[in-house]
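Engineer: This structure is in structure tokens; I'll ask about it shortly.
The values are calculated or read from the model by the stated rules, or taken from the named source; none is laboratory data. These numbers come from a predicted model, not from an experiment. Don't worry about glycine lacking a Cβ; one is built from the backbone with ideal geometry, like all the others, and counts go over all protein chains shown. Heads up: the accessible areas ignore ligands, DNA and RNA and are worked out on the full protein's heavy atoms, side chains in. Shrake-Rupley method; radii C 1.70, N 1.55, O 1.52, S 1.80 Å.
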Amino acid sequence: MDARNTGALIAARRKALGLTQKQLAERLLVSDKAVSKWENGVSLR
């Protein structure tokens, strides 16, 4: 699975849970910018 597909899955699951990127980031102890990069397939770290 590539970064773009992984990002789409993360975004879909986040939205299904009714979370914003910021809320997901807080739960995972990462920045909201990191979540955005994951969802856009820019980075998986």
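Engineer: List pairs: first in the stretch 32-45 and touching a residue at least 40 places away in the same chain (Cβ under 8 Å), second among the basic types (K, R), Cβ under 8 Å, 6+ apart or cross-chain?
Structural biologist: S43/K37
Engineer: Exactly one condition in (1) part of a helix (DSSP H, G or I); (2) of a type in the set (A, V, I, L, M); (3) open to solvent by less than 50 Å² (accessible area, probe 1.4 Å) is false for L9; which is it?
Structural biologist: (3)
Engineer: For the structure I just gave you, tell me whether R4 is open to solvent by 80 Å² or more (accessible area, probe 1.4 Å) and modelled with pLDDT of 95 or more.
Structural biologist: So R4 does not fit the description; no.
Engineer: Also: Kindly indicate the residue of the stretch 12-45 that is touching a Leu at 6+ places or on another chain (Cβ under 9 Å) and part of a loop (DSSP other than H, G, I, E, B) and also most open to solvent (accessible area, probe 1.4 Å) among those meeting that condition.
Structural biologist: L17
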